[in-house]
Number of protein chains: 2
Amino acid sequence: MLEKYRLNEKRSFSLADFDPEDTAGIAGKEDIEAEFEALKDKLKEHQEKLFAGKTNGVLILFQGMDCSGKDGVIKKVLAGLNPQGFRAESFKKPTADESAHDFLWRAHRVAPAKGSIAAFNRSYYEEVLITRVHDLIDGKEASKRLKHIGHFEKMLSDGGITIIKIFLHISPDFQLRKIQERMENPEKLWKFDPSDLEERQYWKAYTKAYEHAIKATSTKRNPWYIVPANNRWFRDYLVLRIVESALDSLDLSYPEVDMSQFRLAAGINESSK
Amino acid sequence: MLEKYRLNEKRSFSLADFDPEDTAGIAGKEDIEAEFEALKDKLKEHQEKLFAGKTNGVLILFQGMDCSGKDGVIKKVLAGLNPQGFRAESFKKPTADESAHDFLWRAHRVAPAKGSIAAFNRSYYEEVLITRVHDLIDGKEASKRLKHIGHFEKMLSDGGITIIKIFLHISPDFQLRKIQERMENPEKLWKFDPSDLEERQYWKAYTKAYEHAIKATSTKRNPWYIVPANNRWFRDYLVLRIVESALDSLDLSYPEVDMSQFRLAAGINESSK
């Protein structure tokens, strides 16, 4: 089922080929509720082994238009993980110090160590998205950066880091409904950002920039996933399946401990048995 | 004069082709003392412009066998720089946290920002030198890392960082004399490290590893310099010339300030003149 949403080679594609309403034929939330909880438990188990073994690390990065649910999916899918070994990082407007460094600097600083999982809410991909859409960089610079991103990701994965790249795919109508909800609901008003309305005008330009970036950086080892996100329950379910499956395929196990060492230390050596 | 010591393409070379005793025909320290001071002043001027303009940054990394004078050259050539905009970083045995990350992580964290100069005493190159010599990694892994280093350096220089790579070239005899000096001189004894004597046995393996690394990462943009270092005064002089010349070629200038803004703010606008 996951292959349908996975892009693992540098081929042209169109986001229009993916339906934001898609639920993979599943009728509703009720049908996957039990599986969802079981998958979360499995994920926790994987994390414990990851933390104990320290042979691998995991980077899950979330990109998507405003209101696509990046905060929501991190909360729903990853909130139960052991915080000692899991960290969510949010990429806002760069500080002066961050801007003074190369565009990958601040992301590399918070890249996951072996034994840990990091979730990036937005990421270094913004450096070829928002910057490109607003013409802060030209196409040539964007291509150069995408190459650097490819090398950077290959270097991370050579160092034992699994990279999972998620694009949360919503429709413009869905976004508008969300913005309206935020404006009208006092409890959601704090999330409303007037610039979201402005950025909406650049929908097509963002779509193009995303298609370009995703095409340029999809590889077998570090694929992108296009996650239909108009239905929150399906979005969460699919992301959980993607993450659980990626960790499962690492075939993690607890490190073996040579008990003879401990026996020795405790004065219980083999001959005294 | 500098070309003779510069490697700016991926071609085979032998360290044996460079004479550690070489002084470029200069008879002695007296002949360059005045020029040395003048060059230091120029370097300080470059740094001030670099710091003010914040369009470029500089990374100077020093590699070389034990006792080749990495500490010494940093002190002699760079100590006069404005500390606000200059930092020396020393790469010792990686900590547990550093080892848990990819091999470029700790270096990237302390990479220079635009406006600043960083001197690396040893560097990420150790990850293909000491590790390779002691068989902690195989040749395939070393080649992979060298590729990642090339990409990393290209990314840094695309981001406005000039990278100057210095190999301090000494002879085995010179090293032995230095080790003996350290052992016999109470004021230098603190620098004596018994492992230096042990590492001496690997001289040939280090030479091979250096030649391989330097060959693989010499480019027009990010060249290596082989600096003859048996004569300290020539070593310092040559490094200073290399660094000064690299900054000079950036053609730095103080940023222009639009004075009309200040006149306006002070109530002195053009019409009131």
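Table for the structure above
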quantity: DSSP H segments from chain B that extend 20 Å or more along their own axis, Cα-based, with Kyte-Doolittle mean of -0.5 or above; calculated: B:232-248
quantity: Average beta-carbon neighbours from other chains, 10 Å sphere, peptide A:88-101; calculated: 2
quantity: For the range B:2-272, size of Cβ-based charge dipole, Lys and Arg +1, Asp and Glu -1, in debye; calculated: 660 debye
quantity: Surrounding net charge for A:Ala100, when Lys and Arg each add one and Asp and Glu each subtract one, Cβ distance under 15 Å; calculated: +2
quantity: Shortest-first distances to equivalent copies, position A:Ser99, nm, label 7 Å out along Cβ; calculated: 4.0
quantity: Theoretical ellipticity at 222 nm over chain A - DSSP helices of four or more residues, -39500 (n - 2.57) apiece, nearest 500; calculated: -13500 deg cm²/dmol
quantity: Loop-located trypsin sites (Lys or Arg not before Pro) in the range A:143-204, at most 15 other Cβ atoms within 10 Å (DSSP); calculated: A:Lys188
quantity: Simple spin-label estimate for A:Arg177 and B:Lys208 in nanometres, 7 Å along Cα-Cβ; calculated: 6.7 nm
quantity: A:Ala96 paired with B:Ser249, simple spin-label distance in nm, labels 7 Å along Cα-to-beta-carbon; calculated: 3.2 nm
quantity: Residues with amide H under 5 Å from that of B:Ala88, placed H, sequence gap 5 or more; calculated: B:Ala119
quantity: Cleavage-rule hits (trypsin sites (Lys or Arg not before Pro)) in the range B:1-105: DSSP loop, at most 16 neighbouring Cβ within 10 angstrom; calculated: B:Lys10, B:Arg11, B:Lys92
quantity: Shortest-first nm distances, B:Ser14 label point to equivalent points in other copies (7 Å, Cα→Cβ); calculated: 6.2
quantity: Spacing of the two label points (7 Å from each Cα toward its C-beta) at A:Asp71 and B:Asn82, in nm; calculated: 4.2 nm
quantity: Per-copy distances of the A:Pro83 label point, shortest first, in nm (7 angstrom along Cα→Cβ); calculated: 3.7
quantity: Cα centroid of the range B:166-225 to Cα centroid of the range B:19-68, whole Å; calculated: 20 Å
quantity: Translational diffusion coefficient (Stokes-Einstein; Kirkwood radius from C-alpha pairs) of the range B:90-151 at 25 °C, 0.890 mPa s, in µm²/s; calculated: 195 µm²/s
quantity: Cα-Cα separations in chain B greater than 25 Å, expressed as whole percent; calculated: 50 percent
quantity: Restraint check, B:Lys54/B:Lys154; A:Lys178/A:Lys204; A:Lys10/B:Lys10; B:Lys42/B:Lys208; B:Lys75/B:Lys191; B:Lys42/B:Lys220, Cα-Cα greater than 26 Å; calculated: A:Lys10/B:Lys10; B:Lys42/B:Lys208
quantity: Relative contact order (percent, whole number), the range A:2-268, Cα cutoff 8 Å, 6+ residue spacing; calculated: 36 percent
quantity: Anisotropy class of the protein assembly as shown from Cα gyration tensor, a/c 1.5 cut; calculated: oblate
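No lab work stands behind these numbers, since they all come straight from the coordinates. Computed from a predicted model, the values in this text were never measured in an experiment. Note that each Cβ is placed from the backbone with ideal geometry, even for glycine, and that neighbours are counted across all protein chains shown.
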